[in-house]
Amino acid sequence: MRTWTILDYNQWDQRTKGQCRSRRSLVSVVVVIVIGVMILAATTGTRSRYVSSSPSINPLNTRFAWDTGNSLQDERHRGTKKLPRALIIGAKKSGTRALLEFIRVHPNVRAAGHEIHYFDKNYWRGPEWYRNMMPTSIHGQITIEKTPSYLVTLNAPERVHRLDKNMKLIVVLKDPVERAISDYIQSREKHRDKRSFEDSVFIDVGKLKINDTKPCIVIGKYSDHLKRWLQYFPREQFCFISGENLAKNPASELEKLQEFLNIRTVITEEHFYYNSTKRFPCLKKREASGVPHCLGETKGRVHPTVLKSVKKALYDYYKPYNEELYQMVGIDFGWERTRPISKANQIY
Ligand code: A3P
């Protein structure tokens, strides 16, 4: 009886143990599945999207990249493409490339390498296309784009304002006469145009009558273009860079720009050296590569000699526009003071 009881107990015990074992393995399987799902959710970002859809339960009360669907952690490590918060809008041939190459050395700046032309030629492609053209940036970095034709594009101010009314606008301006010569050289090379500077900017060279329908001339009427921008953006949202000073003393212009962008002053004169072959300042270390870098051969071309009488006619033409500009932005660029005053037919 006892033996049977023992046997019975053993049988019961074994059966119970068997049931317990299968229950335990069932629990283990469930635990493994739950852990697996959690790991999967964390790695695919599902969980962060779920959490970020409810900002009230964000324990850190930090910014989420809702617009891109990436978690803040993703953004911190790998970066995301963001729309620019600052634009170099012009003016063409004033030193816009130099400014971009110099500012992008800053660790808090990311810049699109080439001109995107979103607010003029590519507007129809939409903001998502524009954002995709940007480099990735991480938390704390500002994205910049430069397309110098924005300055003269009629509907660009309204389009930029529609995208971001807080956009920071950077304008590099150079003496419009020197700018026109630089523009002429570029288009002569590009279009293999053999005409002289005089022939290309005057309707009547003998009477020094300027052809003010030529883009090369129109671009230099800076006050006309800025009037349109100032209808949409307050003066504080603009940073004006002197093209002349940028070519002589880039560090001082860069200091101004870093302050405007609200980033630490990292780029100083230590970053530049004067290259006597190039005849321009160059970077001691380029962004990322760490090797010295001068701008390419399309920047810093040799200019033709232009008759003083021709220059004088152009200075006279631009005078009212320049004066209006100085009033409008509160900066005297002093271009007239360097203009030639002496006799006609003398070479400048
Ligand atoms: P030139 O090639 O006519 O001398 P942008 O980049 O807006 O097209 O402007 C080109 C102009 O930038 C050049 O015109 C040159 O004068 C000026 N520039 C200013 N700093 C420069 C630099 N460090 N290296 C080369 N060109 C520079």
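Annotations
- Of the numbered criteria (1) surrounded by 16 or more Cβ atoms within 10 Å (Cβ to Cβ); (2) within 15 Å of the ligand (Cβ to nearest atom); (3) not acidic (Asp, Glu), the one MET134 fails is (2).
- HIS114 meets each of the listed conditions (1) touching a Leu at 6+ places or on another chain (Cβ under 8 Å); (2) within 16 Å of the ligand (Cβ to nearest atom) apart from (1).
- Any pair with Cβ under 9 angstrom, 6 or more apart, that starts in region 87-102 at a residue that is within 15 Å of LEU226 (Cβ to Cβ) and among the polar types (S, T, N, Q) and ends at one that is within 8 Å of the ligand (Cβ to nearest atom) and assigned to a loop (DSSP other than H, G, I, E, B): SER94/LYS174
- Criterion violated by SER200 - all others in (1) modelled with pLDDT of 95 or more; (2) of a type in the set (S, T, N, Q); (3) out of contact with any His (no Cβ under 8 Å at 6 or more places or on another chain); (4) within 16 Å of the ligand (Cβ to nearest atom) satisfied: (1)
- Pick from region 258-308, criterion farther than 13 Å from ALA98 by Cβ and surrounded by 17 or more Cβ atoms within 10 Å (Cβ to Cβ), ranking: nearest to the ligand (Cβ to nearest atom): VAL306
- Every residue from region 67-101 that is part of a helix (DSSP H, G or I) and either within 16 Å of the ligand (Cβ to nearest atom) or at pLDDT 95 or above (or both): THR96, ARG97, ALA98, LEU99, LEU100, GLU101
- Search result, residues across region 167-194 that are assigned to a loop (DSSP other than H, G, I, E, B), surrounded by fewer than 23 Cβ atoms within 10 Å (Cβ to Cβ) and touching a Phe, Trp or Tyr at 6+ places or on another chain (Cβ under 9 Å): MET167, ASP193
- Residue in region 270-283 that is out of contact with any Cys (no Cβ under 6 Å at 6 or more places or on another chain), assigned to a helix (DSSP H, G or I) and in contact (Cβ under 8 Å) with a residue 60 or more places away in the chain present: yes
- If the condition is being surrounded by fewer than 16 Cβ atoms within 10 Å (Cβ to Cβ), touching a Phe, Trp or Tyr at 6+ places or on another chain (Cβ under 8 Å) and either assigned to a helix (DSSP H, G or I) or touching a residue at least 24 places away in the same chain (Cβ under 8 Å) (or both), then region 205-229 contributes ASP212, ASP224.
- All conditions in (1) farther than 20 Å from VAL171 by Cβ; (2) of a type in the set (Gly, Ala, Ser); (3) in contact with a strand residue (DSSP E or B) (Cβ under 6 Å, 6 or more places away or on another chain) hold for GLY243, with the sole exception of (1).
- LYS190, sole failed condition from (1) closer than 26 Å to LEU99 by Cα; (2) modelled with pLDDT of 90 or more: (2)
The values are calculated or read from the model by the stated rules, or taken from the named source; none is laboratory data. This structure is a prediction, so every number in the text was calculated from the model and none was measured. Here Cβ is always computed from backbone atoms with ideal geometry, including for glycine, and neighbour counts include all displayed protein chains.
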